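What follows is a set of notes on a single structure, which appears directly below.
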2 protein chains.
Amino acid sequence: MNAQPLLNYINKYISLTEEETLFLISKVTFRKYLKGQYIVQQGDICKKQCFIISGCTKTFYMDAGGQEHIVLFAIEDWWTSDMGSFITQAPADFNVQCIENTELIQITYEDNEEILREIPKLERFFRKIVESAYAASQKRIIRSFSLTAKEQYLFFKEQYPTIEQRVPQYMIASYLGITKEFFSKIKSQLAIEE
Amino acid sequence: MNAQPLLNYINKYISLTEEETLFLISKVTFRKYLKGQYIVQQGDICKKQCFIISGCTKTFYMDAGGQEHIVLFAIEDWWTSDMGSFITQAPADFNVQCIENTELIQITYEDNEEILREIPKLERFFRKIVESAYAASQKRIIRSFSLTAKEQYLFFKEQYPTIEQRVPQYMIASYLGITKEFFSKIKSQLAIEE
DNA sequence: TAAAAATGTTAATCTATATTAACTATATTT
DNA sequence: AAATATAGTTAATATAGATTAACATTTTTA
């Protein structure tokens, strides 16, 4: 089992002892998914938090009319799950699906609690990660209220330049909260402007 | 200094020893604000996290055109701050303003880190609070994409029945991401429907 | 390599919500 | 109590973005 990417990621911010590292490794599992497979489905209980080693996922909500609304993309070195379902162990509102073949490290709810209880500096580290995810989410709400779709797209390109290359355009439209047709129009307008 | 509401709140979920309680109390400060006063202003560094004892605040972004966009209301037993600025100690994107006379307990960034380092079960507790705030924020994004303004309003009424009574209507419109005129139209439609 | 499926584009028309403006009602201050 | 500021409503018009539909391109599968 190759936990090295997770350890590298953690060691960028804090240092774990040999013993802590071994304990962490003993609690996590490695898993591969193929493109198209679901990590979590709406209605399931989200049992695991996932750290992506390679690949790409989308987290989306399927509304009553069958339309997908993407909240989040995740790539290498990101965490993904349905946080709401994971923490309450209630049925998920979101789907998490692989949009590339994806390798990841999974941690169950119980193991996560145990790891963080045993290693307080990891608990501290994760608190801070969630704090910044929350802050980013609040900023995203504001952008969706105060920017036009075109402005939001330019922001997205700038903030996630690599994701735009990796995922189909209609998913970017979904992430921006617009239709693929309107997204297409925006892109052609921008192409004319320069 | 009356820290009792904060202690009651914490004790609903975890129990602190006498010693831990005294340590916590020694680190926090009490403060009153008048209606209209700002706890944080856009561009300031957000130095404190606030636990509201009484009163009500709004957290909003003022866009280039001078329009307010409310991300969050907070009332008794809620936390408020500009989380992004608080954790990075970088200039705030948001304003936090009192919309009633407000009494609260403040914790500085440094004291917060110290309290959570000293009392691991509090760190755990706060990690979970932030996790649920994050999950709620993701759900809010989805609602803004998949529901009409009228549906979002009905959801808001149901989820925060007390807030609607306490704050001016134009702020609810701002929270919902619509103009006060359109909000007025929605309400009159709903009044006709029943 | 042909067929099928998935993805992306263009254009016409429609709709939810914004904008503007004029007005009414409610608080706050003098 | 009058004056002023703040909040809320109504209605006409304007617009960003949705919907529909037809077509073009790329990718996957047989």
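Karplus-derived 3J(HN,Hα) values for region B:176-185, using 6.51 cos²θ - 1.76 cosθ + 1.60 with θ = phi - 60°, are 7, x, 10, 7, 5, 5, 5, 4, 4, 4 Hz; glycine and proline are entered as x. Comparing each chain alone with all protein chains together (probe 1.4 Å, DNA, RNA and ligands left out), the residues of region A:135-165 losing at least 10 Å² of accessible area are A:135, A:137, A:138, A:139, A:140, A:141, A:142, A:144, A:145, A:146.
Put simply, the amide H of residue A:48, placed in the peptide plane, has no neighbours under 5 Å, leaving out anything fewer than 5 places away on its chain. Here is how far apart the residue B:47 label points are across copies: 5.0 nm, shortest first, using a point 7 Å from Cα toward Cβ.
Just checking the listed ones, B:96, B:28, B:130: in the Gaussian network model of chain B with Cα springs under 10 Å, the one fluctuating most is B:130. Along the axis of the charge dipole computed for region B:147-194 (Cβ charges of +1 for Lys and Arg, -1 for Asp and Glu, origin at the Cα centre), the listed residues B:152, B:171, B:182 are led at the positive end by B:171.
Quantify, in whole percent, the carbon and sulfur part of the accessible surface of the protein assembly as shown (1.4 Å probe; protein heavy atoms only). Present the calculation step by step, with values, prior to reporting the outcome.
Values: 9660 of 18430 Å².
Exposed carbon and sulfur together represent 52 percent of the surface.
Take residue B:11, move 7 Å from Cα toward the beta carbon, and the resulting point lies 4.6 nm from the same point in each other copy, nearest first. Once you reduce region A:46-78 and region A:98-125 to the center of their Cα atoms, the two points are 16 Å from each other. Suppose only helical runs count, i.e. DSSP H with n ≥ 4. What mean residue ellipticity at 222 nm does that imply for chain A under -39500 (n - 2.57) per run, divided by all residues and rounded to the nearest 500 deg cm²/dmol? After summing the helix terms and dividing by residue count, I get -15500 deg cm²/dmol.
Residue-wise HN-Hα couplings along region B:46-52, as the Karplus relation 6.51 cos²θ - 1.76 cosθ + 1.60 with θ = phi - 60° gives them from phi, are 7, 8, 9, 9, 10, 10, 7 Hz; Gly and Pro carry x.
Across the identical copies, the 7 Å label point of residue A:117, projected outward along Cα→Cβ, sits 2.5 nm from its counterparts, in ascending order. For chain A, modelled as a GNM with alpha-carbon contacts under 10 angstrom, which of A:74, A:133, A:92 fluctuates the most? Comparing A:74, A:133, A:92 in a Gaussian network model of chain A, the most mobile one is A:133. Under a Gaussian network description of chain B, with springs only between Cα atoms under 10 Å, the residue in B:105, B:141, B:172 that fluctuates furthest is B:141.
Return one quarter of the surface area of the convex hull spanned by the alpha-carbon atoms of region A:4-145, equal to its mean projected area, in nm².
On the way: hull surface 35.5 nm².
The number I arrive at for region A:4-145 is 8.9 nm².
Stretching residue B:32 away from residue B:158 to a fully extended chain increases their span by 42.4 nm, per 0.36 nm per residue minus the current alpha-carbon distance.
The values are calculated or read from the model by the stated rules, or taken from the named source; none is laboratory data. Everything numeric in this text was worked out from a predicted model, so none of it was measured. Cβ coordinates were reconstructed from backbone atoms using ideal geometry, including for glycine residues, and neighbour counts include every protein chain displayed. For accessibility, only protein heavy atoms count, side chains too; no ligands or nucleic acids. Shrake-Rupley method; radii C 1.70, N 1.55, O 1.52, S 1.80 Å.
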